[in-house]
Amino acid sequence: MAHIPDGVISWPVLAGGIVTTLAGCAYGLKKLDPVAIPRTAVLSATFFVAALVHFPVGPTSVHLMLNGLIGIVLGWVAVPAILVGLLLQALLFGFGGIIVLGVNTFNLAVPALLCHGLFQLSRRSQHPKIIIATAGACGFLGVGLTAVLVATSLALSGKEFASAAQLVVFAHLPIMLIETVFTAAAIALLLRVKPEALETDQGQELHLDHVQEDEQGKAYV
Amino acid sequence: MNGRATDPTHLHAEPGFAHQPSPEGLSKPWMGTIQAHIRLIACFALAVVILTLHHPIALLCALLLSCLAAALAGLNTAQTLRRMASLEGFMILVLLFLPFSIEGETLFSIAGFAASYEGLARALSLLAQSNAIMLLILALPGTLEAGELGQAMQRLHVPDKFIHLFLFTLRYIDVMRQEYRRLRQAMQTRGFQMRFSMHSWKSLGYLFGMLMIKSLERSERIVAAMLCRGFQGKFPSLTQERPLSQADLIFAVVMASCALGLLTLEWARAAS
């Protein structure tokens, strides 16, 4: 994932990232049905594992960001899910920083939300080939837009980062390529085996009747 | 190459799950006796303070403070150093470019591009800041157990849903990692090799598509089990509160005075 460590980003950018991430998170959490929390969490755990797999590129290796795929599957809930993922990476491995979490979440979540919108549009076509092609485009766009956003946050933080910011975008090209294929394949499999997993009305399938009839139903709100 | 590196199923960073409870009988490091929410607040506050520092002496003191915190938390030295060395690729780019993109007194030049003293100083201070904060994160909240982290977030009024999402995700990372290893091993036995090729990327895509389906099915079982046990949207264990102990108060006071000390040092140096 794209972790900017603490120390690089300037205060105004940091503040902007924190405010937008908090707002997005609040909205995402509002949309998250408490019964769907295990579903979201187990999927997030899967994405966390996938982001640790290394893909060889020449003498080095790269890691996936998967924000396109996360956006497709989780919708608005992707914002808190990405924040949780980044928080865990900071706590477990020391990747990224803590004050910069807002900016890092913003950089990954905004492309994820755009990918979600794009994918929902493509689903109207009902045509598997179009849907799978869009999924590939989401993989590509998710990484590409994040690279641009990371570069923008660097460039906004100081003129001295401008040249490095341009290189950052190019450094993401191999990941964009890999994620295009990866996301298309993953969604193709989901479409064939469990298409209901792509419904964004989360938790609908999990709703057991007695939950809604529970007198203390408010406990779930 | 050691055996671990050649094991194709091993993940980039072996999660050193600090959250798993230490075996009984082992003495807890001193940091372990401090309450979780105090450590979280201290980490945030010190990180903000460190970000405002510019003077080399103040930054050096901040780094020393972080090392002290790491020692008190009983962090594994070798593992921590490895983590500090594994900078993100683009951070290396940023650091390499800084000496050339800030103008000032020329230190040396490569192919006509002059590296400035000011740029090098900026790169070094950046490195000090990010490493000092990283050490703090690993030392203060990084050594907490999952339950403690949940309680701390509850005390700091983080929304319940977020805490539950956090705890569930942490809980299932290890489970999903094992599932991944099983699938990957099955591919291995059929002769799969990870290469820079469409075939590899597609196969991994299918693998994780399969894992997503498995995780959805697993989550249905989890919800059914939770409802069966009468889950009411709250974890009772999260709401238990301990009163602050003397050690907590001492820690809070020491951390606050360290923060103030760093700020004074910075101001005094900037003024002179």
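The values are calculated or read from the model by the stated rules, or taken from the named source; none is laboratory data. These numbers come from a predicted model, not from an experiment. Cβ atoms come from the backbone with ideal geometry, glycine included; neighbour counts cover every protein chain shown.
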**Report entry** Selection status of A:Val84, more than 9 Å from chain B (Cβ to nearest Cβ), closer than 20 Å to A:Pro34 by Cβ and buried (at least 24 other Cβ atoms within 10 Å of the Cβ)
**Finding:** no
Query raised in the report: Hey, among B:Val49, B:Val94, which residue is at pLDDT 85 or above and among the aliphatic types (A, V, I, L, M)?
Result: B:Val49
**Report entry** the range B:177-225: number of residues that are part of a helix (DSSP H, G or I) and at the interface with chain A (Cβ under 7 Å from one of its Cβ atoms)
**Finding:** 21
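Conditions tested, residue by residue: (1) under 23 Å from B:Leu95 (Cβ atoms); (2) in contact with an Asp or Glu (Cβ under 7 Å, 6 or more places away or on another chain).
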site: A:Leu114; (1), (2): no, no
site: A:Ser122; (1), (2): no, no
site: A:Gly139; (1), (2): no, yes
site: A:Val148; (1), (2): yes, no
site: A:Ala151; (1), (2): yes, no
site: A:Leu154; (1), (2): yes, no
site: A:Glu160; (1), (2): yes, no
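So which of A:Ser163, A:Ser153 ends up being within 12 Å of chain B (Cβ to nearest Cβ), without any contact (Cβ under 8 Å) to a residue 60 or more places away in the chain and either assigned to a helix (DSSP H, G or I) or more than 20 Å from the chain's Cα centre (by Cα) (or both)?
Among A:Ser163, A:Ser153, only A:Ser163 is within 12 Å of chain B (Cβ to nearest Cβ), without any contact (Cβ under 8 Å) to a residue 60 or more places away in the chain and either assigned to a helix (DSSP H, G or I) or more than 20 Å from the chain's Cα centre (by Cα) (or both).
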Query raised in the report: Going by the structure shown, is A:Gly58 at positive phi and either within 7 Å of another protein chain (Cβ to nearest Cβ) or touching a Lys or Arg at 6+ places or on another chain (Cβ under 8 Å) (or both)?
Result: no
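Take B:Phe166 and decide whether it is crowded, with 23+ Cβ neighbours inside 10 Å and either among the small types (Gly, Ala, Ser) or facing chain A (nearest Cβ under 8 Å) (or both). Break it down stepwise before answering.
On the way: crowded, with 23+ Cβ neighbours inside 10 Å: yes; either among the small types (Gly, Ala, Ser) or facing chain A (nearest Cβ under 8 Å) (or both): yes.
Taking the combined requirement at face value, the residue satisfies it.
Would you confirm whether any residue within the range A:111-122 is within 14 Å of another protein chain (Cβ to nearest Cβ) and under 22 Å from B:Gly209 (Cα atoms)? Lay out the reasoning, then the answer.
Step one: of the range A:111-122, the residues within 14 Å of another protein chain (Cβ to nearest Cβ) are none.
No: the range A:111-122 contains no residue that is within 14 Å of another protein chain (Cβ to nearest Cβ) and under 22 Å from B:Gly209 (Cα atoms).
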Report task. Of all residues in the range A:166-191, count the ones that are in a helix (DSSP H, G or I), of a type outside the set (A, V, I, L, M, F, W, C) and either surrounded by 17 or more Cβ atoms within 10 Å (Cβ to Cβ) or at the interface with chain B (Cβ under 8 Å from one of its Cβ atoms) (or both). Result -> 4
Report summary line: For A:Thr105, the lone unmet condition from (1) out of contact with any Leu (no Cβ under 6 Å at 6 or more places or on another chain); (2) within 20 Å of A:Gly17 (Cβ to Cβ); (3) modelled with pLDDT of 90 or more is (1)
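For every residue, the table says whether it meets (1) more than 18 Å from A:Ser153 (Cα to Cα); (2) surrounded by 24 or more Cβ atoms within 10 Å (Cβ to Cβ); (3) at pLDDT below 95.
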| position | (1), (2), (3) |
| --- | --- |
| A:Ile4 | no, yes, yes |
| A:Ile9 | no, yes, yes |
| A:Gly16 | no, no, no |
| A:Thr20 | no, no, no |
| A:Ala26 | yes, no, no |
| A:Asp33 | yes, no, yes |
| A:Arg39 | yes, yes, yes |
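Take A:Gly136 and tell me if it is closer than 20 Å to B:Phe208 by Cα and within 18 Å of the chain's Cα centre (by Cα). Explain how you work it out, then say what you get.
Working: closer than 20 Å to B:Phe208 by Cα: yes; within 18 Å of the chain's Cα centre (by Cα): yes.
When the stated conditions are applied, A:Gly136 passes them.
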